[in-house]
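K.L.:
My questions all concern the structure below.
Coordinate-derived values only; no laboratory data. Source: prediction; values computed, not measured. Don't worry about glycine lacking a Cβ; one is built from the backbone with ideal geometry, like all the others, and counts go over all protein chains shown.
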Number of protein chains: 2
Amino acid sequence: MKKAGRPIIPRKTIYRLSIYLRCLARLRENAINTVSSEALAQAAGVKPTQLRKDLAYFGAFGTRGLGYEVNALSKRISDELGTSSLQPVILVGVGNLGLALLSYRGFEKEGFEIVAAFDAAPKRKRDKQIHLPIWGMEKLKNFVHEKNVKMAILSVPAAAAQTVANELMAAGIMGILNFSPIVLAVPEDVMVNNVNLAIELENLSYFIQG
Amino acid sequence: MKKAGRPIIPRKTIYRLSIYLRCLARLRENAINTVSSEALAQAAGVKPTQLRKDLAYFGAFGTRGLGYEVNALSKRISDELGTSSLQPVILVGVGNLGLALLSYRGFEKEGFEIVAAFDAAPKRKRDKQIHLPIWGMEKLKNFVHEKNVKMAILSVPAAAAQTVANELMAAGIMGILNFSPIVLAVPEDVMVNNVNLAIELENLSYFIQG
């Protein structure tokens, strides 16, 4: 985590910044230009003290009696998150889940562009048409270097996940959104966020048992 | 969380049980019948003491010198998670993400069946064909009652999420997998797991900044 010259913001705060950003976007859609910390906190489902503390990490303070300027605060948060400009992301593993993710149009709106897809069997027949070409793994390293890609979505089967993650890291990927149900071993300067839909459902399933 | 007569297992343990279950499935695919706690722990990326502690919550103990019987342990964990039989799940909100989730074939393998999809505009033209019919929201309550559905995937826009969540809970839904980027207000006996892919990417984006 190379954050030279910047304070380390806790991971949970970073998640909440994303939530605030979405609340601000909705205010903007409704042509609202300023918002109090109380109103923004309520929209985000947190306490006003939490909101003020989160924003203070990077010196965003409201004006007493006026609150925050919606556009300015949005920009400050985007800059902090590194999403002010479109971030290139590659997707590796074009099975069912990979296909579904490729066909999801929602990432771009949020500042992420899936720029290429890779698979061990790029020519395998798939039951859905996608717009991106699918490339073999041998093309990955050069692509990541040339396009300076830092983030990857990993949606390969569990058995292949660690090997592929190693290839990604060797190519220069620093952040992995991991959809494989295994715990990846990575060095400290590489960040992994795990998403496993079936595991989330299973977790719910446990708690709803009568 | 109505767990009468059963010990309360921590949420993180429940997540790890899901991981163990997947590791056991891979062992089974490789025709391996017994596994030591050390080997299973390593496959799951946890310490052996953690694994033994997690399994002890529901009285699953290995045999000294032999370890765990793969099939028996799988069954014990599935029973504990409530996924031994196919769980019906409804999906509400058939936008881009909802469509992608409906076309993902991976849930069934994991014990979950999306049995119906609901949307405020069921007849809206969608750019992908899906096999399930999409129904209007007015049909939701009866369906949930009749089929005794307890779990829902919520993929509606943020602005509608709380209102729709209220409808789900009024219909009897006890567990919500929430893809909307807001914090849902729910009573204590309803469980919400949040998944937001864009927020996960944003979070990575922050940490990979040079």
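K.L.:
If you build the convex hull over the alpha carbons only and average its shadow over all orientations, what do you get for the stretch B:139-210? Give it in nm² to one decimal.
P.N.:
Result: 5.4 nm².
K.L.:
Next question. Return the chain A residue and its Cβ-to-axis distance, rounded to the nearest Å, for the rotation relating A to B.
P.N.:
Nearest to the symmetry axis by Cβ: A:Ala100, 2.
K.L.:
So for each of A:98-108, B:38-48 I average, over its residues, the number of other beta carbons within 10 Å; can you give me the resulting order with the highest mean first?
P.N.:
Numbers: A:98-108: 19.7, B:38-48: 17.1.
Ranked by mean Cβ neighbours within 10 Å, highest first: A:98-108, B:38-48.
K.L.:
Relative to the first principal axis of the alpha-carbon coordinates of chain B, what is the inclination of helix B:11-29, with its axis defined by its Cα atoms, in degrees from 0 to 90 and to the nearest 10?
P.N.:
Around 70 degrees separate the two axes.
K.L.:
Additional query: As an exercise, use a Förster radius of 25 Å and the Cβ-Cβ distance of B:Met137 and A:Ala25 to find the FRET efficiency, rounded to the nearest 0.05.
P.N.:
So, using R0 = 25 Å, E works out to roughly 0.50.
K.L.:
Follow-up. Once the label point is placed 7 Å from Cα along Cβ, list for A:Glu69 the distances to the corresponding points in the other copies, in nm, shortest first.
P.N.:
7.1
K.L.:
Here's another thing I want to ask about it. For chain B, build the charge dipole from Cβ charges (+1 Lys, Arg; -1 Asp, Glu) around the Cα centre, then report which of B:Val164, B:Gly95, B:Gly62 sits farthest towards its positive end.
P.N.:
About the Cα centre, the residue reaching furthest to the positive side is B:Gly62.
K.L.:
Another question, if that's okay. Would you mind checking B:Lys53/B:Lys109; B:Lys53/B:Lys75; A:Lys123/A:Lys147; A:Lys53/A:Lys75; A:Lys47/A:Lys75 for any pair whose Cα atoms are more than 20 angstrom apart?
P.N.:
Too far apart for the 20 Å limit: B:Lys53/B:Lys109; A:Lys123/A:Lys147; A:Lys47/A:Lys75.
K.L.:
Which far-off residues, 5 or more places away or on another chain, put their amide H under 5 Å from the one on B:Tyr68, with H placed in the peptide plane?
P.N.:
When sequence neighbours closer than 5 places are left aside, the close amide H contacts are B:Val35, B:Ser36, B:Ser37, B:Thr63.
K.L.:
Moving on to the next point. Taking Cα atoms, how many degrees apart are the long axis of helix A:158-171 and the longest axis of chain A, rounded to 10 and kept between 0 and 90?
P.N.:
Around 70 degrees separate the two axes.
K.L.:
Calculate how steeply helix B:197-208 sits against the longest principal axis of the alpha-carbon atoms of chain B, using the helix alpha-carbon long axis, and give the answer as 0 to 90 degrees to the nearest 10.
P.N.:
The two axes meet at around 60 degrees.
K.L.:
Run through the stretch A:54-94 and list the trypsin sites (Lys or Arg not before Pro) located in a DSSP loop whose Cβ has at most 14 other Cβ atoms within 10 Å. Mind showing how you got there, number by number?
P.N.:
Numbers: sites: A:Arg64, A:Lys75, A:Arg76; in loops: A:Arg64.
Those that pass, being in a loop and sparsely packed, are A:Arg64.
K.L.:
Enumerate by residue number the chymotrypsin sites (Phe, Trp or Tyr not before Pro) in the stretch B:1-86 meeting two conditions: DSSP loop (anything except H, G, I, E, B), and at most 12 other Cβ atoms within 10 Å of the site's Cβ.
P.N.:
Counting only loop positions with at most 12 other Cβ atoms within 10 Å, the chymotrypsin sites (Phe, Trp or Tyr not before Pro) in the stretch B:1-86 are B:Phe61.
K.L.:
At 7 Å along the Cα-to-beta-carbon direction for both B:Thr34 and A:Leu66, put a label point, then send me their distance in nm to one decimal.
P.N.:
The modelled label-to-label distance comes out at 7.4 nm.
K.L.:
If each of A:Arg11 and A:Lys147 carries a label point 7 Å out from its Cα toward its Cβ, how far apart are those two points in nm?
P.N.:
Here the modelled spin labels are 2.7 nm apart.
K.L.:
A further question follows. Which value, in debye to the nearest 20, gives the size of the charge dipole of the stretch A:87-202 about its Cα centre, when Lys and Arg are +1 and Asp and Glu are -1 at the Cβ?
P.N.:
Value, rounded to 20: 520 debye.
K.L.:
Placing unit charges on C-beta atoms (Lys and Arg positive, Asp and Glu negative, everything else neutral), compute the dipole magnitude of chain A about its Cα centre in debye, rounded to 20. Walk me through the numbers before you get to the answer.
P.N.:
Numbers: 26 positive and 18 negative charges, 68 e Å.
Dipole magnitude for chain A comes out near 320 debye.
K.L.:
Still on this structure, I have one more. For the protein assembly as shown, what Kirkwood radius comes out of the mean inverse Cα-Cα distance, in Å?
P.N.:
23.0
K.L.:
Where nothing but the Cβ of Lys and Arg (+1) and of Asp and Glu (-1) is charged, how large is the charge dipole of the stretch A:11-80 around its Cα centre, in debye to the nearest 20?
P.N.:
Result for the stretch A:11-80 is approximately 220 debye, rounded to the nearest 20.
K.L.:
Near B:Lys53, within a Cβ-to-Cβ distance under 12 Å, what is the net charge of the other residues, with Lys and Arg +1 and Asp and Glu -1?
P.N.:
Neighbour charge sum, excluding B:Lys53 itself: +3.
K.L.:
Roughly how crowded by other chains is peptide A:72-81, in terms of the mean Cβ count from those chains within 10 Å of each of its Cβ atoms?
P.N.:
Other-chain Cβ atoms within 10 Å of each residue's Cβ, averaged: 1.
K.L.:
Based on DSSP H runs of at least 4 residues, each adding -39500 (n - 2.57), what is the mean residue ellipticity at 222 nm of chain B after dividing by all its residues, to the nearest 500 deg cm²/dmol?
P.N.:
One gets -13500 deg cm²/dmol as the mean residue ellipticity at 222 nm.
K.L.:
For the pair A:Ala185 and A:Lys125, what calculated FRET efficiency results from E = 1/(1 + (r/R0)^6), where r is the Cβ-Cβ distance and R0 = 41 Å, to the nearest 0.05?
P.N.:
That gives a FRET efficiency of 0.75.
K.L.:
Across peptide B:23-35, what mean number of C-beta atoms from other chains lies inside 10 Å of a residue's C-beta?
P.N.:
1
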